[in-house]
1. So the check is Cβ under 7 Å with 6+ separation or different chains; which pairs have a first residue in segment 82-96 that's more than 13 Å from E34 (Cα to Cα) and a second one that's assigned to a helix (DSSP H, G or I) and not hydroxyl-bearing (S, T, Y)?
2. From the list E98, E87, exactly one residue is acidic (D, E) and modelled with pLDDT of 90 or more. Which is it?
3. Do we find that E62 is in contact with a Gly (Cβ under 9 Å, 6 or more places away or on another chain), of a type in the set (D, E, K, R) and modelled with pLDDT of 90 or more in this structure?
4. Test each condition in (1) on the phi < 0 side of the Ramachandran plot; (2) modelled with pLDDT under 85; (3) more than 14 Å from the chain's Cα centre (by Cα) for M45 and report the one that comes out false.
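The values are calculated or read from the model by the stated rules, or taken from the named source; none is laboratory data. Source: prediction; values computed, not measured. Neighbour counts run over all protein chains shown; Cβ positions are idealised from the backbone, glycine included.
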Amino acid sequence: MTPALRSATPGALPPRTEASPAEDARRRAARAFEAQALGQLLRPMFDTLDTARGLLGGGAGEAQWRPMLVDAYAAAIAHAGGLGIAEAVHRALLAAQETRAASPRVQEGEGG
């Protein structure tokens with residue numbers, strides 16, 4: 001996918017620029033969260049497939065590897081822009097970090 005197309009994809013994180021390690025960590029966390037959420041949304045769809053009639057014939061082996069396949073699909077979808085969850089999580093992480101940085105530190109033993 002070209003950078004111009006990726007930036008036009010709804011829900012895609014903004015194009016990367018020179019970012020700090022903290023910014024990269026927030027982006028990775030947001031994308032990982034979206035991949036996990038997508039995996040949870042995709043799992044019921046794959047659980048209803050009748051694999052006995054499929055190419056590989058189903059069985060215990062296929063059932064054992066299916067969760068990893070679903071996770072790989074979810075990660076690929078999230079990497080391609082996903083549903084926009086990563087952008088929302090990224091904004092929330094950034095806002096929480098800014099709020100924490102702006103608020104006075106509470107001394108240990110104070111408050112309660």
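1. Listed by first residue and then by second, the contacts come to L93/R26; L93/A29; L93/A30; L94/R26.
2. On the way: E98 fails: modelled with pLDDT of 90 or more.
Testing whether each residue is acidic (D, E) and modelled with pLDDT of 90 or more leaves just E87.
3. Numbers: in contact with a Gly (Cβ under 9 Å, 6 or more places away or on another chain): yes; of a type in the set (D, E, K, R): yes; modelled with pLDDT of 90 or more: no.
No: the conditions fail for E62.
4. All conditions pass for M45, except number (2).
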